[in-house]
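Below is one structure, written out as structure tokens, with a few remarks after it.
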């Protein structure tokens, strides 16, 4: 893990790649700090959501909401606060090893404007991707994130579109590679050792009602 890394240190790595002065905080009053404060969080979340990174995968039992769905389902369950994308990778009705995937569920929005999983099952366990702090991210992802930040802030920092294009290609490759080349390809190859093939094969995004 990239112990000691923070949102500021990642932004500073990107700024150094662009030949810019570093920042001390998102509120230090410099133009670079303002740009980073506006863009960094979105870049981080989008980069984490681009791929099934092994370090983001977690399991949890969902808590049942005190409210009930206003539709055909009997129960609704609260989604984790650290959930990275809105749909779980896998849903089961038991935490027992080898338990079968469960497909009779639907993601919806409760009256209070929060996301819930609706179903008739009495118990729900999910696999999902979660957001992590920078200190808990592996070095290969931190490096990719630095390249991604450099791409997204390059034009604002340097006023040069060519710099933005250069760092986009370093991060993700060219358009002909469908934005899956560059260092992204190397990072996913490194990460692939942590994947669980059986879960990947049963990825449920296409099964959402």
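The values are calculated or read from the model by the stated rules, or taken from the named source; none is laboratory data. This is a predicted model, so every value here is computed, not measured. For neighbour counting, all protein chains shown are included, and Cβ atoms are generated from backbone atoms with ideal geometry for every residue, glycine included.
Points to keep in mind about this one:
- Index of the failed condition, residue 126 passing every other in (1) closer than 19 Å to residue 44 by Cα; (2) buried (at least 16 other Cβ atoms within 10 Å of the Cβ); (3) in contact (Cβ under 8 Å) with a residue 60 or more places away in the chain; (4) out of contact with any helix residue (DSSP H, G or I) (no Cβ under 9 Å at 6 or more places or on another chain): (1)
Residue-wise test of (1) under 21 Å from residue 101 (Cβ atoms); (2) surrounded by fewer than 17 Cβ atoms within 10 Å (Cβ to Cβ); (3) in the same structural domain as residue 179 (by TED's automatic domain parsing); (4) out of contact with any strand residue (DSSP E or B) (no Cβ under 7 Å at 6 or more places or on another chain).
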residue: 45; (1), (2), (3), (4): no, yes, yes, yes
residue: 62; (1), (2), (3), (4): yes, no, no, no
residue: 67; (1), (2), (3), (4): no, yes, no, no
residue: 75; (1), (2), (3), (4): yes, no, no, no
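- Residues satisfying the stated conditions in segment 31-57, i.e. under 30 Å from residue 21 (Cα atoms) and assigned to a loop (DSSP other than H, G, I, E, B): 49, 50
- Residue check for residue 38: without any contact (Cβ under 8 Å) to a residue 12 or more places away in the chain, closer than 30 Å to residue 178 by Cβ and within 23 Å of the chain's Cα centre (by Cα): yes
- Qualifying residue in segment 148-159 (condition: modelled with pLDDT under 95 and either within 18 Å of the chain's Cα centre (by Cα) or under 25 Å from residue 128 (Cβ atoms) (or both)): no
- In this entry, residue 175 is excluded by the filter for residues that are closer than 24 Å to residue 127 by Cα and surrounded by fewer than 16 Cβ atoms within 10 Å (Cβ to Cβ).
- Filter result (outside any strand (DSSP E or B), within 27 Å of residue 47 (Cα to Cα) and touching a residue at least 40 places away in the same chain (Cβ under 8 Å)) within segment 80-111: 80, 82, 84, 85, 87, 88, 89
- Test: residue in segment 2-12 that is in a helix (DSSP H, G or I) and closer than 17 Å to residue 87 by Cα: no
- Within segment 123-136, not a single residue is part of a loop (DSSP other than H, G, I, E, B) and at pLDDT below 95.
- Test result for residue 60, modelled with pLDDT of 95 or more, over 29 Å from residue 76 (Cβ atoms) and not in a helix (DSSP H, G or I): no
- Meets criteria (assigned to a helix (DSSP H, G or I), surrounded by 21 or more Cβ atoms within 10 Å (Cβ to Cβ) and in contact with a helix residue (DSSP H, G or I) (Cβ under 9 Å, 6 or more places away or on another chain)) for residue 153: yes
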